[in-house]
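Chemist: Structure in structure tokens, see below.
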Amino acid sequence: MPLPDEKPDGEKPLGERLAGVIAAAGPISLAQFMAEANAHYYATRDPLGLEGDFITAPEISQMFGELAGLWLADLWSRAGSPTDAHYVELGPGRGTLAEDALRAMRAARFEPPIHLVETSPVLRHNQATRLPTARWHDDLDDLPETGPLLVIANEFFDALPIRQIQRGASGWHEVMVDHRDGSFTPITSGPPLDDHIPEALRDAPLGSVIETSPASESIARALADRIAKQGGAALIVDYGYEGVMTGDTLQAVSRHEHADIFAEPGERDLTAHVNFTTLERIGWAAGLTVHGPVSQGRWLESIGIGARTAALIKAAPHRQEELISARDRLTKSEEMGALFKAMALVAPDWPAPAAF
């Protein structure tokens, strides 16, 4: 059996396979390209940390996961401490956030069963070393159907595939991916989509791009419906924006640097900004209460990162510079504090969450 980062005998590299699909059937959607590329990328490596391609908030400091765990424990306690509640994380990376969150939750006398929605065999292996009692799920459909769900989705939605629609001289058309002269390249093609464009944006300048993420919307609806039915809440933290806007936010990252989006599909991380207004509307439509979004910096400061930093410094004075640097990276507007946002989707009969 091949190791997770090896290709089975006879399997062509992803780029060759996508080129073959395009040669046989014509250009593919940007959403398909992104979905195929990220599925391969996450299935074959651990992309996190200084030796990987990017770093997330839980890897920067234990404080992020601890405060998220205390936020969940506080909400659970004020909801009556239901004994059948579950901890759920979407896209849990190495399991660092869950490990820190669950440690903080145990201190608050809350020890729920652990459910991780993860498809990568490499990352599942890493998660198992930290969370040996966890249960793994390929998608939300397999989660428990009874008991409140307390969900964390940190930098999950940004990696889901997007569609792009671009305005050209003949109207709005979908961005597709073609393969020409040995390279993948974006093109606009297909029937006009002007009727699907919000009225306020139809006359946007030539070249304007509108992004949507049907995959994100589908998962958000399934999650909201579960919480409405079973109780609980979801904490969503990601980078993104609010409202209806134009802009090309798709990016590729490799070795902590921006990279060519269309070169070497499956070998670099592809992400796009999350539309929090869309998530908000989905939450309201399911009957949930929606809180936020607020900036990550404001949320962390409201939940107590200042006090937690001080406590850690008191316990380990030699770490003072490291801890202050981590706090600033998570909260300062010029770092992660402003671009990253936090939103809570809460069951209608549950109390309002802290820090919003």
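The values are calculated or read from the model by the stated rules, or taken from the named source; none is laboratory data. Nothing here was measured: the structure is a model prediction, and the numbers come from that model. So basically every Cβ, Gly included, is an ideal-geometry build from the backbone, and we count neighbours across all protein chains shown.
Chemist: Would you please list the contacts, defined by Cβ atoms under 6 Å and residues six or more apart or on different chains, that run from a residue in region 163-174 that is surrounded by fewer than 16 Cβ atoms within 10 Å (Cβ to Cβ) to a residue that is among the polar types (S, T, N, Q)?
Modeler: Gly168/Thr188
Chemist: Here's another thing I want to ask about it. Go through region 91-106 and give me each residue that's touching a residue at least 12 places away in the same chain (Cβ under 8 Å) and more than 18 Å from Thr44 (Cα to Cα).
Modeler: Applying the first criterion (touching a residue at least 12 places away in the same chain (Cβ under 8 Å)) to region 91-106 yields 91-105.
Scanning region 91-106 gives Thr96, Leu97, Ala98, Glu99, Asp100, Ala101, Leu102, Arg103, Ala104, Met105.
Chemist: Kindly indicate whether any position in region 271-283 is under 15 Å from Ala342 (Cβ atoms), among the aliphatic types (A, V, I, L, M), crowded, with 22+ Cβ neighbours inside 10 Å and modelled with pLDDT of 95 or more.
Modeler: Yes, there is a match, as at least one residue in region 271-283 is under 15 Å from Ala342 (Cβ atoms), among the aliphatic types (A, V, I, L, M), crowded, with 22+ Cβ neighbours inside 10 Å and modelled with pLDDT of 95 or more.
Chemist: Considering every residue within region 110-117, establish whether at least one is more than 17 Å from Asp84 (Cβ to Cβ) and in contact (Cβ under 8 Å) with a residue 12 or more places away in the chain.
Modeler: The first filter runs over region 110-117 and keeps only residues more than 17 Å from Asp84 (Cβ to Cβ), leaving 116-117.
Retained after the next criterion (residues that are in contact (Cβ under 8 Å) with a residue 12 or more places away in the chain): 116-117.
Yes, region 110-117 contains a residue that is more than 17 Å from Asp84 (Cβ to Cβ) and in contact (Cβ under 8 Å) with a residue 12 or more places away in the chain.
Chemist: Moving on to the next point. Would you check if there is a residue in region 61-77 being on the phi > 0 side of the Ramachandran plot and without any contact (Cβ under 8 Å) to a residue 40 or more places away in the chain?
Modeler: In the first step, residues of region 61-77 are kept if they are on the phi > 0 side of the Ramachandran plot; the result is none.
Within region 61-77 (the criterion being on the phi > 0 side of the Ramachandran plot and without any contact (Cβ under 8 Å) to a residue 40 or more places away in the chain), the answer is no, since none of the residues qualifies.
Chemist: For region 44-52, state whether one or more residues are more than 19 Å from Met176 (Cβ to Cβ), in a loop (DSSP other than H, G, I, E, B) and in contact with a Phe, Trp or Tyr (Cβ under 8 Å, 6 or more places away or on another chain).
Modeler: Narrowing region 44-52 to residues more than 19 Å from Met176 (Cβ to Cβ): 44-52.
Going one step further and asking which of them are in a loop (DSSP other than H, G, I, E, B), we end up with 44-47, 49-52.
This time we only want the ones that are in contact with a Phe, Trp or Tyr (Cβ under 8 Å, 6 or more places away or on another chain), so: 47.
Yes, region 44-52 contains a residue that is more than 19 Å from Met176 (Cβ to Cβ), in a loop (DSSP other than H, G, I, E, B) and in contact with a Phe, Trp or Tyr (Cβ under 8 Å, 6 or more places away or on another chain).
Chemist: Tell me, yes or no, whether region 295-312 has at least one residue that is at pLDDT 95 or above, of a type outside the set (Ser, Thr, Tyr), on the phi > 0 side of the Ramachandran plot and in contact with a Phe, Trp or Tyr (Cβ under 8 Å, 6 or more places away or on another chain). Lay out the reasoning, then the answer.
Modeler: First pass over region 295-312, keeping only residues at pLDDT 95 or above: 295-312.
Going one step further and asking which of them are of a type outside the set (Ser, Thr, Tyr), we end up with 296-301, 303-308, 310-312.
The next check asks that each one be on the phi > 0 side of the Ramachandran plot; those that pass are 304.
Going one step further and asking which of them are in contact with a Phe, Trp or Tyr (Cβ under 8 Å, 6 or more places away or on another chain), we end up with none.
For region 295-312, residues at pLDDT 95 or above, of a type outside the set (Ser, Thr, Tyr), on the phi > 0 side of the Ramachandran plot and in contact with a Phe, Trp or Tyr (Cβ under 8 Å, 6 or more places away or on another chain): absent.
Chemist: Specify the residue that is surrounded by the most Cβ atoms within 10 Å (Cβ to Cβ); the eligible residues are those in region 284-316 that are under 17 Å from Asp238 (Cα atoms) and among the polar types (S, T, N, Q).
Modeler: Gln296
Chemist: Okay, moving on. Looking only at region 345-356, how many residues end up being touching a helix residue (DSSP H, G or I) at 6+ places or on another chain (Cβ under 6 Å), assigned to a loop (DSSP other than H, G, I, E, B) and more than 15 Å from Leu67 (Cα to Cα)?
Modeler: Pass one, region 345-356, residues touching a helix residue (DSSP H, G or I) at 6+ places or on another chain (Cβ under 6 Å): 345, 347, 351, 353-355.
Subset that is assigned to a loop (DSSP other than H, G, I, E, B): 347, 351, 353-355.
Adding the requirement that they be more than 15 Å from Leu67 (Cα to Cα) leaves 347, 351.
Result for region 345-356: 2.
Chemist: Any residue that is touching a helix residue (DSSP H, G or I) at 6+ places or on another chain (Cβ under 7 Å) and more than 23 Å from His196 (Cβ to Cβ) - is there at least one of those in region 154-161? Step through it out loud before you land on a result.
Modeler: We begin by selecting, within region 154-161, every residue touching a helix residue (DSSP H, G or I) at 6+ places or on another chain (Cβ under 7 Å); these are 154, 157, 159-161.
After this cut, where a residue has to be more than 23 Å from His196 (Cβ to Cβ) as well, the list is 154, 159.
Yes; the residues of region 154-161 include at least one that is touching a helix residue (DSSP H, G or I) at 6+ places or on another chain (Cβ under 7 Å) and more than 23 Å from His196 (Cβ to Cβ).
Chemist: I've got another one for you. Is at least one residue of region 247-254 at pLDDT 95 or above, part of a helix (DSSP H, G or I), acidic (Asp, Glu) and under 27 Å from Ala220 (Cα atoms)?
Modeler: no
Chemist: Is it the case that some residue within region 8-31 is within 18 Å of the chain's Cα centre (by Cα) and more than 24 Å from Glu321 (Cα to Cα)?
Modeler: Residues of region 8-31 that are within 18 Å of the chain's Cα centre (by Cα), as a first pass: 31.
Then drop every residue that is not more than 24 Å from Glu321 (Cα to Cα), which leaves 31.
For region 8-31, residues within 18 Å of the chain's Cα centre (by Cα) and more than 24 Å from Glu321 (Cα to Cα): present.
Chemist: Quick one: which of Arg180, Arg130, Arg109 is under 23 Å from the mean Cα position of the chain (by Cα) and surrounded by fewer than 21 Cβ atoms within 10 Å (Cβ to Cβ)? Lay out the reasoning, then the answer.
Modeler: Values: Arg180 fails: under 23 Å from the mean Cα position of the chain (by Cα); Arg109 fails: under 23 Å from the mean Cα position of the chain (by Cα).
Of the residues listed, the single one that is under 23 Å from the mean Cα position of the chain (by Cα) and surrounded by fewer than 21 Cβ atoms within 10 Å (Cβ to Cβ) is Arg130.
Chemist: While we're on this one: So is Thr119 surrounded by fewer than 20 Cβ atoms within 10 Å (Cβ to Cβ), under 18 Å from the mean Cα position of the chain (by Cα) and not in a helix (DSSP H, G or I) or not?
Modeler: Details: surrounded by fewer than 20 Cβ atoms within 10 Å (Cβ to Cβ): yes; under 18 Å from the mean Cα position of the chain (by Cα): yes; not in a helix (DSSP H, G or I): yes.
It is true that Thr119 is surrounded by fewer than 20 Cβ atoms within 10 Å (Cβ to Cβ), under 18 Å from the mean Cα position of the chain (by Cα) and not in a helix (DSSP H, G or I).
Chemist: Restricting attention to region 233-240, does a residue exist that is part of a helix (DSSP H, G or I), touching a helix residue (DSSP H, G or I) at 6+ places or on another chain (Cβ under 8 Å), farther than 30 Å from Pro205 by Cα and of a type in the set (A, V, I, L, M)? Don't jump to the end; show me each part of the working.
Modeler: Going residue by residue through region 233-240, those that are part of a helix (DSSP H, G or I) are none.
No, that holds for no residue.
Chemist: Looking for whichever is out of contact with any Cys (no Cβ under 8 Å at 6 or more places or on another chain), of a type in the set (Gly, Ala, Ser) and modelled with pLDDT under 95 here; the options are Ala35, Ala68, Ala23, Ala43. Which one fits?
Modeler: From the options Ala35, Ala68, Ala23, Ala43, the qualifying one is Ala43.
Chemist: In region 178-209, which residue that is outside any loop (DSSP other than H, G, I, E, B) and small (Gly, Ala, Ser) is farthest from Leu270 (Cα to Cα)?
Modeler: Let us first name the residues in region 178-209 that are outside any loop (DSSP other than H, G, I, E, B), namely 178-180, 183-189, 194-196, 199-201, 209.
Narrowing the set further to residues that are small (Gly, Ala, Ser) leaves 183, 189, 200.
Numbers: Ser183: 17, Ser189: 22, Ala200: 29 Å.
Per the criteria, the residue is Ala200.
Chemist: Further, regarding this structure: Since Arg103 meets every condition but one in (1) surrounded by fewer than 18 Cβ atoms within 10 Å (Cβ to Cβ); (2) closer than 19 Å to Pro353 by Cα, which condition does it not meet?
Modeler: If we test Arg103 against (1) surrounded by fewer than 18 Cβ atoms within 10 Å (Cβ to Cβ); (2) closer than 19 Å to Pro353 by Cα, just (2) comes out false.
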